[in-house]
1. Suppose we filter C:160, C:84, C:141 for residues that are touching a residue at least 12 places away in the same chain (Cβ under 8 Å) and over 24 Å from residue C:43 (Cβ atoms); which single one remains?
2. Residues in region C:116-139: is at least one surrounded by 21 or more Cβ atoms within 10 Å (Cβ to Cβ), in a loop (DSSP other than H, G, I, E, B), among the polar types (S, T, N, Q) and within 13 Å of another protein chain (Cβ to nearest Cβ)?
3. Name, by its number, the condition in (1) buried (at least 17 other Cβ atoms within 10 Å of the Cβ); (2) within 14 Å of chain B (Cβ to nearest Cβ) that does not hold for residue C:174.
4. Which of the residues belonging to region C:13-30 are outside any strand (DSSP E or B) and either touching a Lys or Arg at 6+ places or on another chain (Cβ under 6 Å) or surrounded by 14 or more Cβ atoms within 10 Å (Cβ to Cβ) (or both)?
5. What is the residue count in region C:67-115 for residues that are more than 8 Å from chain A (Cβ to nearest Cβ), assigned to a loop (DSSP other than H, G, I, E, B) and among the polar types (S, T, N, Q)?
6. Within region B:54-72, is even one residue free of Cβ contacts under 8 Å to residues at least 40 places away in the same chain, within 10 Å of another protein chain (Cβ to nearest Cβ), over 12 Å from the mean Cα position of the chain (by Cα) and not in a helix (DSSP H, G or I)?
7. Mind checking which residues of region C:177-216 are of a type in the set (S, T, N, Q) and surrounded by 21 or more Cβ atoms within 10 Å (Cβ to Cβ)?
8. If you check residue C:105 against the conditions, is it surrounded by fewer than 17 Cβ atoms within 10 Å (Cβ to Cβ) and not polar (S, T, N, Q)?
Amino acid sequence: MNAWLALTKKELRLGLPIFIFVLILYAGVIALAYYIGYRLGLEEELIMGALGVVLLFHLFFLFLYLLYALNSERKRLHLWLHTPMPVTGLLLSKLAAGILFMSLTFIPIAIFTNNFFSDHYNFLTEQSTINLLGLSTFGIYTSAIRMALTFMFFWSIFLTCSQRMNDFLSFLITFASFLLFGYLYDQFVHLSFIQMLTDWGAISANDVITGFEFKFTMTEDYFEAGTMMDTSIFYIGHFIRDSIMAILMFFGACWIIDKKVEV
Amino acid sequence: MAELFHSSKPIYEQIAEMIKKRIIRGELTAGGKLPSVREMAIEVNVNPNTVQRTYRELETMDIVESKRGQGTFVTEDTEVIASIREEMKKEILMNFTKQMFEMGYTKEEIKQGLTEYLNRKGE
Amino acid sequence: MIKLTNVTKKYGSRTALNQVDLELDQGKLIGLVGENGSGKSTTLKLIAGLIHPTSGEITVNGEKVNRQIASSVAYLSELDEYYRFFTVKDTIEFHASQFGDFDIEKAYEIMDFMKLEPEKKLKHLSKGNRGRVKIVLTLARHTPVVLMDEPFSGLDPMVRNSIVKGLISFVDLEKQLILITTHEIREIENILDEVVAIKDGHIIGHHNVDDLRKENQLSIVDWMNEIYG
């Protein structure tokens, strides 16, 4: 455990440049939006837009972080892989460092967004805001982690390929196998018995949003909102299905790095 | 450092000779302590195993004696030391005369030459 | 201690090692010599479990080699790649945290011996000093097997000499087997117990260095000139 913590400390030091870069990038985007918005008198709209962009980008933070952290290890595989620690430990250490950095950047953004919303918009109840924020945090983290584990799997395939051919060809093969895998997985989840197994635990919009505070509601609008709120936006079953897949890919990546990747 | 040793003889034998010479010269005295295996290895830039072997060989020749937990010591037996001295002299003379004979010098020429050389040197 | 049985390693169509049998014993300093591309590094990486044989079997202490063998094998790569943001001290501490057998006191002792400054960052060290750091990290481990791939390559004579001195001073030949690859044979000529020559993926000779001198009146350099012609 101590070995793993020390390794993670090294990972944090290794990944620090990416963290700082992203932090500056986010601050820059919001500052720019504020500045342009101020000039044009569209502050709220532009900051909203900037926050949207930042949050969307943050979905990919972990992926980009790992791209950087794993590639910097590629030059010194002899060092990284020459350890009694299992590959699971090595990869989880990178993942943990990435998640920590992701949180350190996410928390200020989330707080800022929350304050911005409660200062400027008041059509949502406090409960709804917390639900929305909670759900989107959960959504961002789980998608980011799934993406990260998927990336690790294909990175290990890329590494294996790159021992036999140049990087460009390896990338093409990796990308093709990614597309093929995506297609097969899509076919798989649409098999009727898989659907039967996984289409459960629907969470719909009105579980999240506990009531609009519209002062004057027109009947037509009310109906529209009602229909929207009945739509399921999320199945717990799907979430579990995808999580299992991501975990399998993680162990697949570990196996490939342990048995197939050479220094 | 490679030039310290010549290639025709095992290094452990060459180190043994070096130690014998030190004993003859009096740099190492009877009953005196030899450097530890590691120290000697560092000094002459060889593997500690080699020095270990040198010390072992010297021990079988009764030139040194290893005392458990204390190190290796030059023998206190002055007769042994005297005989090494004698042996070394013989060996060098043997090599010298062998080469001289090979080139066809006679006994008398060698004796005469040696005496002349030594006398000139001694002046 | 180390045993290769009929080991072949292929990279695509290129054969790096061809049906190699090799047995090496504990307590020896062994040189693996040969030209560039003869299969020296491949042999070391195979023993370190960092690459896998195409066929054949490798064991260390009777244990079949895989990547986990890192717990009983210390491997020094010929590559000059470390975590450049670490100081010498950080690097030593990091290695100490990763390997249970790492002797941190010995590491500092070797560091002092090599005249390395603990607070200096790796990226600010000269190539020679990075070479010295690698020796510190490798010799501070109490492993039965130490593998050093070209520890002298690209270093000036002063550094090479200090590395040889470091090796002699800190190697634990009662418990360790040291396998060194090099093409700078002169540097280590006098410190080897055994020499193994490799050519085009074949072992073409394996001798005790004393025997070579005693029976054939050959130094390693002479012997190599003879067999490589």
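Every number in this text was worked out from the coordinates using simple rules, so none of it is lab data. These numbers were taken from a predicted model, which means no experiment stands behind them. For neighbour counting, all protein chains shown are included, and Cβ atoms are generated from backbone atoms with ideal geometry for every residue, glycine included.
1. Only one candidate qualifies: C:84.
2. So far as region C:116-139 goes, no, none of its residues is surrounded by 21 or more Cβ atoms within 10 Å (Cβ to Cβ), in a loop (DSSP other than H, G, I, E, B), among the polar types (S, T, N, Q) and within 13 Å of another protein chain (Cβ to nearest Cβ).
3. The failed condition is (1).
4. Of everything in region C:13-30, those that are outside any strand (DSSP E or B) and either touching a Lys or Arg at 6+ places or on another chain (Cβ under 6 Å) or surrounded by 14 or more Cβ atoms within 10 Å (Cβ to Cβ) (or both) turn out to be C:26, C:27, C:28.
5. Qualifying residue count, region C:67-115: 1.
6. no
7. Those that are of a type in the set (S, T, N, Q) and surrounded by 21 or more Cβ atoms within 10 Å (Cβ to Cβ): C:181, C:182, C:190.
8. So residue C:105 fits the description; yes.
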